[in-house]
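Chemist: Sharing a structure with you now.
Laboratory data are not the source of any read-out in this text; all were calculated from the coordinates shown. Small disclaimer: the values here were computed from a predicted structure and weren't measured. Here Cβ is always computed from backbone atoms with ideal geometry, including for glycine, and neighbour counts include all displayed protein chains.
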């Protein structure tokens, strides 16, 4: 389990781009479950869409990637510093099955499928209740910047 204070120590993202509110469970090297509370107060809803607010699909993918990063750091036993960035390397098979709206709680389940030559491959599913909202395979990598 990880609360927002522990998440802030691991991820470099900040408002409005930190998309993980809590880690519910984590199994080192295997899987993680985290949540994002979707609130009407978030800036994307001003324009997406004013008459019918919908949480953007790309932000669901980003929330899963941030969740995946937390699993990667835990697996490696590292806390990233200011010289480390965690990048998307690829997204495959992304599917959006249900709109996510303000008031929903997005629960992300991410499993580590493969870790080879600094590239991590994850399988991610985001749900609202029992309904799948989004699923994708995510590839991520860590880089040191000057």
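Chemist: On a 0 to 90° scale, report how tilted helix 57-76 is relative to the longest principal axis of the chain, with both axes built from alpha carbons and the result rounded to the nearest 10.
Modeler: 30 degrees
Chemist: Provide 31, 39 in ascending order of the number of other Cβ atoms located within 10 Å of each residue's Cβ, fewest first.
Modeler: 39, 31
Chemist: A further question on this structure: Using packing as a proxy for protection, rank 66-74, 12-20 so that the peptide with the highest average count of other Cβ atoms within 10 Å comes first.
Modeler: 66-74, 12-20
Chemist: Would you compute the Debye intensity of the stretch 45-128 from its alpha-carbon atoms alone, equal scatterers and no solvent, and pass along log10 I(q)/I(0) at q = 0.23 Å⁻¹ to two decimals?
Modeler: Log10 I(q)/I(0), no solvent term: -1.15.
Chemist: Now a separate question. Sort the stretch 1-50 into rounded, prolate or oblate with this rule: let a ≥ b ≥ c be the square roots of the eigenvalues of the Cα gyration tensor; rounded if a/c is under 1.5, and if a/c is not under 1.5, prolate when a/b is larger than b/c, oblate otherwise.
Modeler: Since a/c reaches 1.5 and a/b is larger than b/c, the shape of the stretch 1-50 is classed as prolate.
Chemist: Here's another thing I want to ask about it. Test of understanding: ordering 140, 134 by Cβ neighbours within 10 Å, fewest first, what list do you get?
Modeler: 140, 134
Chemist: Just need the relative contact order of the chain here, percent rounded to a whole number, with Cα pairs under 8 Å and 6+ apart.
Modeler: Once divided by the residue count of the chain, the mean separation gives 25 percent.
Chemist: Can you tell me how the chain classifies by the Cα gyration tensor, rounded, prolate or oblate, using a/c under 1.5 as the rounded cut?
Modeler: Prolate is the answer for the chain, as a/c is 1.5 or above and a/b outweighs b/c.
Chemist: Additional query: Given only helices, namely DSSP H runs of n ≥ 4 each adding -39500 (n - 2.57), what is the per-residue ellipticity at 222 nm of the chain, to the nearest 500 deg cm²/dmol?
Modeler: When only DSSP H runs of four or more count, the value is -6000 deg cm²/dmol.
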